[in-house]
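Q: Provided herewith is a single structure, encoded as structure tokens, for subsequent inquiry.
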């Protein structure tokens, strides 16, 4: 058998040597790498949306207190911008309403006024009532009116209903100055010994307005029927509250039912602290405080539960 010898050129020898070197380097590199982990043991990170929270974040609200004041001051400027009499509307509205109520219910209908002049009696009831009704209307539309801010930036959404109480508070302070003039004109004494309790009853009205307003603000985001229903609701609520009549003039069976209206306790208590009319009964205090707590916690719970979807629905 004939054997043939293969002749390899120097270039082939060099190429073979380079291949061997690269093969050994690859083997060493693979040997230095850690073993591939088992795919079944790789940790998995799951990102889920947080469930809507109904609890209140008091620290977050306190840090955003300057923002609430900014919103309130903006609403005050917009409210009376390009107005002929400006902030004087806060005085003219309760004053003109007092005159109309005095003529119709004081002169013609002869409603009782719990031992005081009817003009002073009605004006002392209109002050807390307008504070409540204006705050309720302001809060119910607060989210929709600030839809651009809600959609673009993050801030504590609860700032909107809370800042809605500050605007009627400013109107109340201006209208309160006329109260002392009316009382002096009709020779009605101001009860300086109990007037310090008046802010407590205003606080109850503010809490009731925040609770009910926050509930309607949540509904207003999805359904635009709220602006049409609010004037009707406020008008009915006016006649269910002792603004043009005294609570003591009601029959006993109606007193029990009306006592669950938190505005009854606020108006009756404010009038008592200011003018010395009959003080709220134990029935009014218990039923009024209970209803106020239900309105506040219920309204804020609904608001906090759905506020995370405001930007998507509005």
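Q: Considering only region 178-199, how many residues are within 17 Å of residue 126 (Cα to Cα) and without any contact (Cβ under 8 Å) to a residue 40 or more places away in the chain?
A: Total meeting the criteria: 3.
Q: Something else: For residues that are crowded, with 18+ Cβ neighbours inside 10 Å and not in a helix (DSSP H, G or I), tally how many sit in region 138-154.
A: Qualifying residue count for the region: 2.
Q: Test each condition in (1) loosely packed, with under 10 Cβ neighbours inside 10 Å; (2) modelled with pLDDT of 70 or more for residue 44 and report the one that comes out false.
A: The failed condition is (2).
Q: Can I ask one more? In region 116-137, how many residues are touching a helix residue (DSSP H, G or I) at 6+ places or on another chain (Cβ under 7 Å), more than 15 Å from residue 173 (Cα to Cα) and either assigned to a helix (DSSP H, G or I) or free of Cβ contacts under 8 Å to residues at least 60 places away in the same chain (or both)?
A: Selection size over region 116-137: 7.
Q: Ok, one more. Report, by residue number, each residue of region 79-115 that is part of a loop (DSSP other than H, G, I, E, B), free of Cβ contacts under 8 Å to residues at least 12 places away in the same chain and more than 33 Å from the chain's Cα centre (by Cα).
A: 109, 110
Q: Determine, yes or no, whether residue 269 is more than 28 Å from residue 183 (Cα to Cα), in contact with a helix residue (DSSP H, G or I) (Cβ under 6 Å, 6 or more places away or on another chain), touching a residue at least 24 places away in the same chain (Cβ under 8 Å) and buried (at least 23 other Cβ atoms within 10 Å of the Cβ).
A: No; evaluated as a whole, the condition is false for this residue.
Q: Taking the conditions exactly as written (modelled with pLDDT of 80 or more, in contact with a helix residue (DSSP H, G or I) (Cβ under 6 Å, 6 or more places away or on another chain) and not in a loop (DSSP other than H, G, I, E, B)), does residue 68 satisfy them or not?
A: Considered against the rule, which asks whether it is modelled with pLDDT of 80 or more, in contact with a helix residue (DSSP H, G or I) (Cβ under 6 Å, 6 or more places away or on another chain) and not in a loop (DSSP other than H, G, I, E, B), residue 68 comes out as no.
Q: Got at least one residue in region 185-198 being buried (at least 23 other Cβ atoms within 10 Å of the Cβ) and touching a helix residue (DSSP H, G or I) at 6+ places or on another chain (Cβ under 7 Å)?
A: No: region 185-198 contains no residue that is buried (at least 23 other Cβ atoms within 10 Å of the Cβ) and touching a helix residue (DSSP H, G or I) at 6+ places or on another chain (Cβ under 7 Å).
Q: Continuing with the same structure: Any residue in region 244-257 that is part of a helix (DSSP H, G or I), in contact with a helix residue (DSSP H, G or I) (Cβ under 7 Å, 6 or more places away or on another chain) and either closer than 16 Å to residue 125 by Cα or without any contact (Cβ under 8 Å) to a residue 24 or more places away in the chain (or both)?
A: yes
Q: Now for a separate question. Can you name every residue in region 75-84 that is within 21 Å of residue 176 (Cα to Cα) and either modelled with pLDDT of 75 or more or out of contact with any helix residue (DSSP H, G or I) (no Cβ under 7 Å at 6 or more places or on another chain) (or both)?
A: 75, 76, 77
Q: Which one of 289, 283, 203 is part of a helix (DSSP H, G or I), out of contact with any helix residue (DSSP H, G or I) (no Cβ under 8 Å at 6 or more places or on another chain) and either farther than 23 Å from residue 168 by Cβ or modelled with pLDDT of 95 or more (or both)?
A: Sole residue among the options that is part of a helix (DSSP H, G or I), out of contact with any helix residue (DSSP H, G or I) (no Cβ under 8 Å at 6 or more places or on another chain) and either farther than 23 Å from residue 168 by Cβ or modelled with pLDDT of 95 or more (or both): 203.
The values are calculated or read from the model by the stated rules, or taken from the named source; none is laboratory data. The shown structure was predicted, so the numbers you read here are calculated from the model rather than taken from an experiment. Note that we place each Cβ from the backbone using ideal geometry, even for glycine, and neighbour counts take in every protein chain shown.
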